[in-house]
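First comes the structure, then the notes that go with it.
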Amino acid sequence: MSDCDAVFDTVGGDVATQSFAVLKPGGRAAKAMVEESGNQEMLPMLLAQIAMGRKDYKTAFKHFETFADKNADNAMMQNQLAWSILTLKDIPDDQRDLKLALKLAERAVKATQGHDGAILDTLARAQFVNGLKKEAIATQQKAVKASPDESKKDLQATLDSYKKGKLPDAE
């Protein structure tokens, strides 16, 4: 099944994401749903989900960026999008938009003034995969210092991996 105008998902979760794969390019049905809801701000995210379901990552990342640019001061959203680009297992490594992930992670750190360890951790990962290994180590050191005690062990393990030149698995 493919190129459908509408999908009626009553399950949600992964099933909803898989359902987007059969929608027509451009998400006409999705646009109609957003227009009816009156929440135009969410249209880029819905279109990104449709593109992700179709494994059209380049288009999905364009929609992520559009949404992120409209919400530049939302640190958690910037961080979540960056982390998703960097770690979602469905995305082949050669199709990740690493520059966009770095831009979003930097924006998230700026919005929190560098005081959130988890957000600093995302930035360090983005720096590392973009070849900025010294910067990644420095940022990860800040992440360890800025984090609560219960997070320090995992963040320190990530720092140790960066120092060895290895990207740790994402959790």
**Request:** In whole Hz, with x marking every Gly and Pro, tabulate ³J(HN,Hα) for region 63-78 from phi via Karplus 6.51 cos²θ - 1.76 cosθ + 1.60, θ = phi - 60°.
**Result:** 5, 4, 5, 4, 5, 5, 4, 7, 10, 4, 8, 8, 4, 5, 5, 4
**Message:** Quick check on my link table: of Lys99/Lys164; Lys89/Lys163; Lys110/Lys166; Lys62/Lys99; Lys55/Lys133; Lys58/Lys99, which ones sit more than 19 Å apart, alpha carbon to alpha carbon?
**Reply:** Lys99/Lys164; Lys89/Lys163; Lys110/Lys166; Lys55/Lys133
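Suppose the chain between Lys134 and Gln80 were pulled fully straight at 0.36 nm per residue; how much longer would it get relative to their current alpha carbon spacing?
Result for the pair: 17.1 nm of gain on full extension.
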**Request:** Can you send over the solvent-accessible area of Lys166, 1.4 Å probe, protein chains only, in Å² to the nearest 10?
**Result:** 130
**Prompt:** How much accessible surface does Arg125 have with a 1.4 Å probe, in Å² rounded to 10?
**Reply:** 20
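The values are calculated or read from the model by the stated rules, or taken from the named source; none is laboratory data. Computed from a predicted structure; not experimentally measured. Side chains are part of the model used for accessible areas, which takes the heavy atoms of the whole protein and leaves out ligands, DNA and RNA. Shrake-Rupley method; radii C 1.70, N 1.55, O 1.52, S 1.80 Å.
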